[in-house]
Amino acid sequence: MNRESLLIATLVELADNLVDDYDVIDVLTVLTHRCVEAIDVDAAGVMLASPNGELQFVASSSESMTVLELFQIQTNEGPCVDCYKDGLAITNHALSEADGRWPLFTPRALALGFRAVHSLPMRLRGRTIGALNLFRTHQGTLTDDDVTVAQGLADVATIAILQHRSSLDASTLNAQLNNALNSRVIIEQAKGMICQSTGCDMDDAFNRLRAHARNHNEGLTGLATRLVNKSITAVELDEWVGVVAK
Amino acid sequence: MNVQRLLDIYAIMERHRREGAEGYALCAVAAEFTVFDGAGIALIDNDELTSLCTSDHASGALMDLELALGEGPMVDASRGDASEDTDLRQTTSPEWSIYRSEAVALGARAVFAYPIRLGAIRFGALSFYRISAGPLDAQESSDAYLMASVIGRAILAEQSGGTLVGFADELHGESALDFRVHQAAGMLAIQGALSVKDALVLLRAHAFGVGLSLADLAERMVTCTTRFDSNTGEWIDNMAEEHDER
């Protein structure tokens, strides 16, 4: 599929997802996967600010511990923190040993094989609520078109977080952010339980959770909550066979 | 992140402690830190909401009212998301209609309540009232969420036998939302056949006992370096020097 077709398919898919009772983490996960496909990047993730302004990871194209670690570091420093603070995109930032800008983030990103990083602000009526983070394993520049596409996907992510709320007062927006962040915590708690019960890694645990949620038309967060509350056990979840069903 | 507001909470806690207040005097701290006229905290104990503390006479009366009626913003927040009524005298919704008229009689004009939760773990809710009607601005709303988050961590710290000093260090230091901690709590819930909440309490207590940060212990759990044996109630650590230390 060329990029234009892929983008149109993505918009249709997201429009289809953004119906009444969608799961925000699931939609954002779809979005990060589409980022990787539509732009020449190797990993993508969404970080959101808590009502107190602390950045926290909510969705990623990879749930591997190593990629999540790169988001965890950015609770303190990194391209997302700078992008969030300034409300400005950081594009084509080449990572190098000599780069002292992010002393915690850069060495870990390099060790994982990443060579370039981008971060696009998620903005809503003058307030920045988070950032879309893109990683590449090779240097080279994103074109202006790439950046436009990435910013467009970041804007869609922003809309997804608002969950149809028409009024956007401070209380409503903070409630939506708090819910999205708390959903991610529920999913991490459930991943730990799945991992321990079935002996899989965290990446597989997430895929299994997501596959079961989709197979049974259940929200990812709702299913994770049932696991934590022990109304369903990890071994009862459908096996993940390598492809997450639509 | 907005570290200053966290430090403000800590300074208020510290002063209350010096002045000889019982425990963390959490409700008094919450009322002083925020713009509200009074605060109350209710905790879930065996599926039932019970009052932990209230900051003034009216908050106490509002708490008693809500617990007696089983309806109101705090009851809603303890089960679901944040809940508010910014003008009790103008709202005509049938929801909490008895609560609403009684609350007005007690002098409240607006009420706000926030869940105290960590992922799928629900501790209870933090509620506030104001003697004047009107919505919150962004800073006021953010402060309320921050306070609810700090109270959740304080309750957890207290249940795992921590000290105020240890808790203050944590407020200064690590992130409230380290994904490894939540994964480790999920793993420990399965290893120890515990609720995820009890697992988190045990995890914190053990980290404190062996002098590790919560994040470091969680890292050992998720890399399978440390695990808990529910048959013997012992922690098993694959790192030899850990045994030597004991």
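The values are calculated or read from the model by the stated rules, or taken from the named source; none is laboratory data. This one's a predicted model, so the numbers in the text were calculated from it and none came from an experiment. Neighbour counts run over all protein chains shown; Cβ positions are idealised from the backbone, glycine included. For accessibility, only protein heavy atoms count, side chains too; no ligands or nucleic acids. Shrake-Rupley method; radii C 1.70, N 1.55, O 1.52, S 1.80 Å.
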Pairing a residue in the stretch A:187-208 that is within 10 Å of another protein chain (Cβ to nearest Cβ) with any residue that is of a type in the set (D, E, K, R) and open to solvent by less than 20 Å² (accessible area, probe 1.4 Å), where Cβ atoms lie under 8 Å and the two sit 6 or more apart in sequence or on different chains, gives A:K191/A:E63; A:M202/A:E63; A:M202/A:K191; A:A205/A:E63; A:A205/A:K191
For the stretch B:108-122, indicate whether the set of residues that are at pLDDT below 95, open to solvent by 10 Å² or more (accessible area, probe 1.4 Å), assigned to a helix (DSSP H, G or I) and facing chain A (nearest Cβ under 9 Å) is non-empty. no
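Could you look through the stretch A:164-186, keep only residues that are of a type in the set (D, E, K, R) and facing another protein chain (nearest Cβ under 10 Å), and pick out the one that is surrounded by the most Cβ atoms within 10 Å (Cβ to Cβ)?
In this case the residue turns out to be A:R184.
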Scanning the stretch A:130-141 for residues that are out of contact with any Leu (no Cβ under 6 Å at 6 or more places or on another chain) and at pLDDT 90 or above, which turns out most open to solvent (accessible area, probe 1.4 Å)? A:T137
Kindly provide the set of residues from the stretch B:74-94 that are in contact (Cβ under 8 Å) with a residue 24 or more places away in the chain and either more than 14 Å from every other protein chain (Cβ to nearest Cβ) or part of a helix (DSSP H, G or I) (or both), ordered by number. B:M74, B:V75, B:D76, B:A77, B:S78, B:R79, B:L88, B:R89, B:Q90
Flagged in the stretch B:133-148 as at the interface with another protein chain (Cβ under 7 Å from one of its Cβ atoms) and within 12 Å of the chain's Cα centre (by Cα), in numbering order, are B:Y145, B:L146
Take B:I131 and decide whether it is among the aliphatic types (A, V, I, L, M), open to solvent by 30 Å² or more (accessible area, probe 1.4 Å) and either closer than 30 Å to A:L227 by Cα or touching a residue at least 60 places away in the same chain (Cβ under 8 Å) (or both). yes
Just one listed residue, out of A:D26, A:D21, is open to solvent by 10 Å² or more (accessible area, probe 1.4 Å), touching a residue at least 40 places away in the same chain (Cβ under 8 Å), within 29 Å of B:S142 (Cβ to Cβ) and under 16 Å from the mean Cα position of the chain (by Cα), and it is A:D26
Restricting the stretch A:49-69 to residues that are buried (at least 22 other Cβ atoms within 10 Å of the Cβ) and within 9 Å of the chain's Cα centre (by Cα), the residue that is nearest to the other protein chains (Cβ to nearest Cβ): A:F57
Just checking, how many residues over the stretch B:205-238 are in a helix (DSSP H, G or I), over 13 Å from B:A185 (Cα atoms) and either in contact with a His (Cβ under 9 Å, 6 or more places away or on another chain) or touching a residue at least 12 places away in the same chain (Cβ under 8 Å) (or both)? 2
For the subset of the stretch B:181-221 comprising residues that are within 13 Å of chain A (Cβ to nearest Cβ) and polar (S, T, N, Q), which member is least open to solvent (accessible area, probe 1.4 Å)? B:Q183
For a quick check of your reading of the model, give me the residue pairs whose first member lies in the stretch A:209-235 and is away from chain B (no Cβ under 11 Å), whose second is β-branched (V, I, T) and open to solvent by 10 Å² or more (accessible area, probe 1.4 Å), with beta-carbon atoms closer than 7 Å and at least 6 apart or on different chains. A:R210/A:V244; A:A211/A:V244; A:R214/A:V244
